[in-house]
1. Step through the residues of the range 96-108 one at a time and calculate ³J(HN,Hα) from phi using the Karplus curve (6.51 cos²θ - 1.76 cosθ + 1.60, θ = phi - 60°), rounding each to whole Hz and writing x for Gly and Pro.
2. With a Förster radius of 25 Å, plug the Cβ-Cβ distance of Thr96 and Leu20 into 1/(1 + (r/R0)^6) and report the FRET value to the nearest 0.05.
3. For Thr124 and Glu137, compute 0.36 nm times the residue count separating them, minus their Cα-Cα distance, and round to one decimal in nm.
4. On average over all directions, what projected area in square nanometres does the range 1-83 have, based on the convex hull of its Cα atoms?
5. From the backbone phi of the range 19-26, what are the Karplus-calculated ³J(HN,Hα) couplings (6.51 cos²θ - 1.76 cosθ + 1.60, θ = phi - 60°) in whole Hz, Gly and Pro given as x?
6. Determine, for each peptide in 30-40, 100-110, the mean count of other beta carbons within 10 angstrom over its residues, then list the peptides with the highest first.
7. Give me the percent of DSSP beta bridges within the chain that run antiparallel, rounded to the nearest 5.
8. Residues with amide H under 5 Å of Asp63's amide H, sequence separation 5 or more or different chain, H placed in the peptide plane at 1.01 Å from N; which?
Amino acid sequence: MWRLAGETGMDVNSPYAYTLWCRDFARTSVVARDDAGRVAAYVTGYVRPDSPDTYFLWQVAVDPEYRGQRLARRMLDFMGDRFADMGLRYLEATVTPDNTASRALFASFARDRGAEIAWSPLFTGEHFPHDGGTPHEPEDLVRIGPFGDRTSEERA
């Protein structure tokens, strides 16, 4: 996961953080592996402590070699199918304004789940440390929900 985050230009956490993530948040994350066992894609997230009906999606990464196979959407659907069992009614994530792929992913997920989607500013560039390099872009909050109790078969 650490390798893939770096190769896809995402904010990279320490290898230790990804190791802990896989242990402590395995129920709210999913990893797709290729036939050789290499990580092809992942979704990480957690249930917000102050909002126990809300899943916060932390990162979505897909190896460029596996793009175009709808891996991100399939992993998001996998998590969405688990939401009712986990007592979750909302999904939140942050997305930079220029990330059209993630915006389209969340819009299609909300539409197909029959849920509302709302975008609002959350963090500006001033919220992030700046060491003289390229400043961090702002992050908008996307909130999707409420979700019903429909299963995949009922949505099809």
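We did not get these values from a lab; they are worked out from the coordinates using the rules stated. On a predicted model such as this, the values are computed, not experimentally measured, just so you know. Cβ placement follows ideal geometry from the backbone for every residue including glycine, while neighbour counts extend to all protein chains displayed.
1. Values, residue by residue: 6, x, 8, 8, 5, 5, 5, 4, 5, 4, 5, 4, 5 Hz.
2. Working: r = 25 Å, r/R0 = 1.00.
Using R0 = 25 Å, I get an efficiency of 0.50.
3. 4.0 nm
4. Numbers: hull surface 22.7 nm².
Taking the Cα atoms of the range 1-83, their convex hull projects to 5.7 nm² on average.
5. Once rounded to whole Hz, the list reads 5, 4, 4, 5, 7, 7, 10, 4.
6. 100-110, 30-40
7. Here the antiparallel bridges make up roughly 85 percent for the chain.
8. It is Ala41, by chain and number.
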